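Working notes for the structure below.
Derivation of every value follows stated rules applied to the coordinates shown; laboratory data play no part. Quick caveat: nothing in here was measured; it's all calculated off a predicted structure. Methodologically, a virtual Cβ is constructed for each residue, glycine included, from the backbone with ideal geometry; neighbour enumeration extends over all protein chains shown.
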Amino acid sequence: MKFRYKTSNCFAAAQAIAKRCNNKIPRLKIRLIQRKEQWTLTVAGWIVTLISIVALLAIAIANIYPFLSVNQPIAADVLVVEGWMPDYAIEDAIAEFKTGDYRQVITTGTPLSKGYYLAEYKNFANLTAATFIALGLNPDRIISVPTSYVKKDRTYASAVALREWLLNSDLNIKSLNLFSLGPHTRRSWLIFQTVLAPEYKVGSIAAQPQEYDAKNWWQYSEGVRIVIGEAIAYIYGYLSLGNLG
C-alpha cells in the first residue's frame, strides 16, 4: 500500500508541474478552417435563376443583330462606302447611291491584306472605286480616300483620313451616310461619328450579308463568328475610343 501511495503522489506532482509549465509557454493559435454561416439557393431558387439566364440569353440573341446592324440614314450630301466589303455589298451601295440624293460617293480603305503584289489596285478604297466604274457608275461622281497601312484600328484610320480630306475639300460637305456591312455597321458608325464630330453629321446604312441568314444568325458558324466577334469589337471600340485620338 505504501508503494502505491508514493507512486500516485509522484504522478500527481508530475501533472502539477506539467500544468504550470504549459501555463507559462505561449500557445500559437493557427486555424486552417473556420465555420461560417452563408445563404445558398434552394432548388426552387436554382430553377428560377436558370430560367432567368436562359430568358436573358434569348433576349440577347434576338436583339444583338438589329443593334449591331444599325440603319439610321439621314439626308446626306455624300455616301461613304467602306472599301473592304464584298462585291455584292458594293452593288447594294450603288443602288443606294442611285436612289438617294447624293452628290458624290466616297470610298475608304487600307492597303490590301492579300494579293497586294499582284493586284492592279493596291488599296481597298481604290479597288472599290474601280469596281464602281466597272459597274457603270459615273467616274466624276466617285472619290477615293485611301488610308496608309496600320497594324490596328483600321476603321479609325479610315475615319481620320476621311476627316482630313473633308477639311481640305472645296465641296462644302456637311453630312454623309456611312455604308457598311451587317453587324460591322454599329462599330464603324460609332467611330466615324466620333472622329467627324462636330463638323459633320453621320448617318448609317447596313448592307445585308449573304453568307448567313441575318434573322437566324446563330444557326450558322459564320454568323456566330461574325456577330459575336463584332459585339466584342464594338465593346472594345466603345471603351478605347477615347484613347485613340
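Values computed for the structure shown
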read-out: Selected residue (criterion: surrounded by the most Cβ atoms within 10 Å (Cβ to Cβ)) from residues of region 141-167 that are of a type in the set (Phe, Trp, Tyr) and within 12 Å of Leu196 (Cα to Cα); value: Tyr156
read-out: Residue among Ser175, Ser144, Ser148, Ser180 that alone is under 19 Å from the mean Cα position of the chain (by Cα) and either closer than 25 Å to Leu68 by Cβ or not β-branched (Val, Ile, Thr) (or both); value: Ser180
read-out: Single condition Ala125 does not satisfy, out of (1) within 21 Å of Leu241 (Cβ to Cβ); (2) assigned to a helix (DSSP H, G or I); value: (1)
read-out: Subset of region 29-86 [surrounded by fewer than 10 Cβ atoms within 10 Å (Cβ to Cβ) and touching a strand residue (DSSP E or B) at 6+ places or on another chain (Cβ under 9 Å)]; value: none
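Per-residue answers, yes or no, for (1) touching a residue at least 12 places away in the same chain (Cβ under 8 Å); (2) over 16 Å from Asp153 (Cα atoms):
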| residue | (1), (2) |
| --- | --- |
| Leu190 | yes, no |
| Gln193 | no, no |
| Glu199 | yes, yes |
| Ile205 | yes, yes |
| Tyr212 | yes, yes |
| Trp217 | yes, yes |
| Ile226 | yes, yes |
| Gly229 | no, no |
